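Remarks on the structure that follows.
The values are calculated or read from the model by the stated rules, or taken from the named source; none is laboratory data. For clarity, every value in this text was computed on a predicted model and none was experimentally measured. In this analysis, Cβ positions are derived from the backbone assuming ideal geometry, glycine residues included, and neighbour counts consider all displayed protein chains.
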Amino acid sequence: MKQLTTLLFCLFTLSVFGQTQSLTLEEAIDHAMKHNAEVKNASLSVEDSKQEVKSIIATGLPQVSVNGNFTHNIQIAAQQLPDFISPAVYGVLISEDLLPADRFKAGEPQTLAFGAPSSLTAMANLNQLLFDGTYFLGLKAAKHYVKMSELLQENTEITAIDNVKKSYYAALITGQNSDLLQQSLTNLNNTLRETKGLYEAGYAEKLDVDRLEFAKSNLETEINNIALQKQILMNMLKVSIGMDVNQRIELTEDLMEQTNINADNFSIDSRIETKIMQQTLLLDSLNIRRYQVGYYPTIRLNATYQQNSFAEAAEFQGLGKTWNPGTMYGVNISIPIFDGFYKKAKISQARVAYEKDKHTYNHTRNQLMFQVEQAKINLTMKKQNLENQKNNKALAQSIYETSKIKFDEGVGSSFELIQAQTDQTQAEIAYSNALYEVIVAQIELQTALGTSQPNTK
């Protein structure tokens with residue numbers, strides 16, 4: 001039975017992973033938003049910051065606790081009474097059997113053990129913060145920290161989306177190049193078959209056959225290498241979107257057509273990095289203020305209500321029968337006087353951090369402006385290169401067709417044909433790679449402009 005269960009599980013696993021899942025770019029991005037580890041952690045960080053706000057709010061709300069205490073004295077501790085107590089008092093103690101008569105010596109201090117054998121106490125405490133400058137400032141800072149977490153989450157998502165786009169198109173281009181090489185191999189096999197027939201009929205040399213065999217071997221090696229490269233890129237894509245690497249997928253997206261990206265209305269404030277730095281400076285200023293308000297007093301309200309019950313005898317007689325209430329309240333004020341210049345040093349330290357982040361902010365803005373200009377220039381260069389590769393592809397195709405006609409008519413050599421076919425394939429691959437570089441340049445420009453979106457269509 002156990003072996004049958006194991007067999008069924010294996011068959012189920014093979015059936016699941018044996019299925020090929022079609023995957024568009026939009027589906028890949030959506031999968032990454034749900035399953036990418038960094039994206040999920042960023043979302044959890046936002047939730048963590050929200051819970052931190054709640055915890056800070058809770059410290060400013062009334063703190064109520066209920067306590068209960070039971071005490072039983074196995075032996076009541078004796079206390080010494082001073083010698084100036086009136087003898088009449090001792091008379092009362094003796095008459096109530098609280099002080100043995102044989103132990104009483106007039107004019108001398110007396111020891112007496114008195115108290116309830118057992119006691120029971122129920123108490124309710126209330127503690128309410130009335131004023132604490134650091135509390136209100138900390139609450140404000142925590143809310144801004146939530147905003148910071150949300151900005152960091154957005155930045156993580158943008159980075160993840162860009163990586164998915166690049167990985168998706170890299171795998172797609174590699175697959176297309178693999179198809180080009182396969183088509184080239186098919187053409188080469190046809191030429192080889194024809195050449196062998198001509199050689200057997202005495203119209204071609206053995207050298208022509210050998211050259212084609214050699215070219216075929218090199219092409220097959222190149223096909224195997226690009227197949228491995230495609231597998232690596234596909235696995236990288238799966239990892240980037242949080243998919244099991246054993247899952248078989250098929251990319252169904254067409255290569256993204258060139259689009260005109262408007263960079264004229266670029267605003268530096270649209271970049272997520274700018275928003276993060278602005279939020280950082282705000283938190284720095286609140287940190288300075290946090291130490292400044294540390295000089296303010298802290299005021300708290302305290303209130304207690306309790307009930308006490310005592311046993312009348314050692315056997316717990318009467319315990320809980322009679323309760324004696326007690327109520328009190330008070331206000332606690334704590335005023336900092338001198339802390340060894342601790343807060344002064346922390347304020348200076350916080351101001352230094354603010355100035356450092358301010359310099360970083362200005363530097364970041366300059367870097368972002370440079371990144372936009374660089375991305376625009378890079379896209380222009382990649383588009384020019386794509387146009388050149390398009391012309392080269394058309395020229396290489398024409399040369400191959402001419403060489404094929406010459407070879408078929410017996411006026412061209414096999415070497416010439418092989419070279420023309422290789423150049424034509426390489427021109428196709430160069431065009432595909434140039435198209436990929438344009439796509440990447442478009443993605444980078446959109447990121448630089450702060451307009452990167454999950455939907456590329």
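Listing for the model above:
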{"quantity": "Residue in segment 441-453 that is more than 30 Å from ASN366 (Cβ to Cβ) and surrounded by fewer than 21 Cβ atoms within 10 Å (Cβ to Cβ) present", "calculated": "no"}
{"quantity": "Unmet requirement for ILE418, which otherwise passes all of (1) crowded, with 16+ Cβ neighbours inside 10 Å; (2) among the aliphatic types (A, V, I, L, M); (3) not in a helix (DSSP H, G or I)", "calculated": "(3)"}
{"quantity": "Odd one out for LYS321 among (1) over 22 Å from ASP284 (Cα atoms); (2) out of contact with any Phe, Trp or Tyr (no Cβ under 9 Å at 6 or more places or on another chain); (3) in contact (Cβ under 8 Å) with a residue 24 or more places away in the chain", "calculated": "(3)"}
{"quantity": "Some residue of segment 67-82 being surrounded by 13 or more Cβ atoms within 10 Å (Cβ to Cβ) and modelled with pLDDT of 90 or more", "calculated": "no"}
{"quantity": "Members of segment 160-189 that are in contact with an Asp or Glu (Cβ under 9 Å, 6 or more places away or on another chain) and aliphatic (A, V, I, L, M)", "calculated": "ALA160, LEU172, LEU180, LEU181, LEU185"}
{"quantity": "Single condition MET328 does not satisfy, out of (1) loosely packed, with under 11 Cβ neighbours inside 10 Å; (2) closer than 30 Å to THR280 by Cα", "calculated": "(2)"}
{"quantity": "Residues of segment 240-254 classified as loosely packed, with under 14 Cβ neighbours inside 10 Å and of a type outside the set (S, T, N, Q), total", "calculated": "5"}
{"quantity": "Matching option when the condition is closer than 30 Å to MET243 by Cα, within 36 Å of the chain's Cα centre (by Cα) and exposed (fewer than 13 other Cβ atoms within 10 Å of the Cβ), among LEU228, LEU172", "calculated": "LEU228"}
{"quantity": "Close pairs (9 angstrom Cβ cut-off, 6 or more residues apart or separate chains): in a helix (DSSP H, G or I) in segment 203-217, surrounded by 12 or more Cβ atoms within 10 Å (Cβ to Cβ) and charged (D, E, K, R) anywhere", "calculated": "VAL209/LYS196; LEU212/LYS196"}
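Residues are listed down the side, and each one gets a yes or a no for (1) over 17 Å from THR195 (Cα atoms); (2) touching a residue at least 40 places away in the same chain (Cβ under 8 Å):
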site	(1), (2)
LYS393	yes, no
SER413	no, yes
GLU428	yes, yes
ILE439	yes, yes
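Each row is one residue, and each column tells you yes or no for (1) closer than 20 Å to TYR135 by Cβ; (2) in contact with a Ser or Thr (Cβ under 7 Å, 6 or more places away or on another chain).
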| position | (1), (2) |
| --- | --- |
| ARG271 | no, no |
| ILE276 | no, no |
| THR280 | no, no |
| LEU283 | yes, no |
| VAL293 | yes, yes |
| ILE299 | yes, no |
| ALA303 | yes, no |
| GLN306 | no, yes |
| PHE310 | no, yes |
